Amino acid sequence: MSADVSSDLTRRRLASLARIDKLAWWLDDAFRVPVINKRVGIDGVAGLVPFAGDLVGAGLSSLLVIEALRLGAPKRVWARMGANVGIDFVVGLVPIVGDVFDMAWKANRRNEKVLRRWLEDVTRNEEKSSKWPGVMGVGLGLAGAFVVTVVLWRAMFGA
């Protein structure tokens, strides 16, 4: 992979991570509850409205899963993210207990970590795998050029 393509890919991934981080913050941590000094987001507040609030929260949370699909995450990554959203939705449907769980579970922050970990692994593997084939190619090219030079030298000068 060329440096321009690699840096463009890195920029896009960083932009995606920034979007994901901001969305997860809004959905899970945007507001501080003064009495208990805990942070909740739109997902937790919306979950207070029976069923409809949980449905809205699941819809907003699915945006993170869609971002994972857009980035080309493998099935295991987006399936885990979908499971986090599903658990958040199903348990959130239970009155009172579900609302407390919804505010504590923070499915969006979990999904952000899952996606971030995958992107870091992909980037690390690309750096490892893309380095050696290029070095090997240059080395083989130089060796080939040396052999051709020696053969031509001997053919031309008979030495």
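First check a/c for region 20-122, with a ≥ b ≥ c the square roots of the eigenvalues of its C-alpha gyration tensor; if it is under 1.5, answer rounded, and if not, answer prolate when a/b is larger than b/c or oblate otherwise. Can you show the working numbers first?
Values: a/c = 2.32, a/b = 1.62, b/c = 1.43.
Verdict is prolate for region 20-122.
The count of lysine pairs in region 3-132 with alpha-carbon distances below 19 Å, taking only pairs 8 or more places apart or on different chains, stands at 5.
Highest mean packing first, where packing is the average number of other Cβ atoms within 10 Å per residue, the peptides 37-43, 109-115 line up as 109-115, 37-43.
Any read-out appearing in this document is the output of simple, stated calculations on the displayed coordinates, not a laboratory observation. Remember, it's a predicted structure, so these values are computed and weren't measured experimentally. Glycine gets a Cβ as well: all are built from the backbone with ideal geometry, and neighbour counts include every protein chain shown.
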